[in-house]
Amino acid sequence: MKKIAVLSGAGMSAESGIKTFRDAGGLWEGHDVMEVASPQGFEKNPELVLDFYNQRRKQLFEVKPNAGHLGLVQLEEKFNTTIITQNVDDLHERAGSSNVLHLHGQLRKVRSTQFPELIYDWDKDCSLGDQCEKGFQLRPHIVWFGEEVPELMRGAAEVNQSDYVIIIGTSMNVYPAAGLVGFAPEGSKIFYIDPNPQINYELSRMSNLEVISEKATVGVQMLLDKLL
Ligand code: APR
């Protein structure tokens, strides 16, 4: 069975009603990205950061997978498919994709601020005073700017074994995630679906790149027509 790695970003979930980061001029739901997505921001105002992710978590229960998420599930009929997403929502899983790797964490989990390996499923709000079993404050299980990306090497290995790499809805400028496509083996075919594609350094070096300048729902259908 041939292998596909899908690299998805915020644009994948845009048509489900979840706002992207950079389409709104660097503001994320009205906040400076660094204010709510950095360890410094959390140190400065933990309440604001916890509240911000509480709202994002609540929003998850009001949205559903779109035709793009659902379409990608069909790839599994013919390909060994892994989704490597920068998204912290669970829409790929809810659509039915079997192998999903979250590079930047997951909204429906929290972890200990002191013991990062203590990770908990969490569907309610997380507040100051909520503690891990060892008595330390819990925080969102999200990879913030300046933090390590624990799943990076697994993602790179997946891309490195793939016959097709499909990039969907990412501005390709947040590293190291944006560099993963550089691990695509010689001879693999790369598709990039995005209404406003941005060709970064790695993509600029690829002769086997096909850009589909469409929204995820439309672009995924075009891709399925080509591959299935
Ligand atoms: N379908 C597909 N792509 C879309 C759609 C859509 N309907 N709407 C917008 N887009 C595209 C935009 O053109 C843009 O290229 O989605 C991309 C969104 O880019 P960003 O907002 O920068 O999101 P992303 O690349 O996922 O951000 C990466 O930045 O703040 C961090 O950790 C956060 O994972 C996030 C990372």
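Under a 5 Å amide H cut-off, with hydrogens placed 1.01 Å from N, Leu118 pairs with Ser112 among residues at least 5 apart or on other chains.
Each Lys or Arg adds one and each Asp or Glu takes one away; over the other residues whose Cβ falls under 12 Å from the Cβ of Leu203, this sums to -2. Derived scalar couplings between HN and Hα for the range 115-129 equal 10, x, 7, 8, 10, 10, 5, 8, 9, 9, 6, 10, 10, 4, x Hz in order, rounded to whole Hz, by the Karplus curve 6.51 cos²θ - 1.76 cosθ + 1.60 (θ = phi - 60°), x for Gly and Pro. Report the far tail of the P(r) of the range 4-69, meaning the percent of Cα-Cα pairs longer than 17 Å. When every Cα pair of the range 4-69 is considered, 50 percent fall beyond 17 Å. Amide H to amide H distances under 5 Å link Ile166 with Ala5, Val6, Leu7, Phe191, where only residues 5 or more positions off or on other chains count and H is placed in the peptide plane. Model label points for Val211 and Asn99, set 7 angstrom from Cα along the Cα-to-Cβ axis, are 2.9 nm apart.
Stretching Ser204 away from Lys226 to a fully extended chain increases their span by 5.6 nm, per 0.36 nm per residue minus the current alpha-carbon distance.
FYI, it's all coordinate maths here, none of it is from the lab. Note that the structure is a prediction, hence the values are computed from the model and not measured. Note that we place each Cβ from the backbone using ideal geometry, even for glycine, and neighbour counts take in every protein chain shown.
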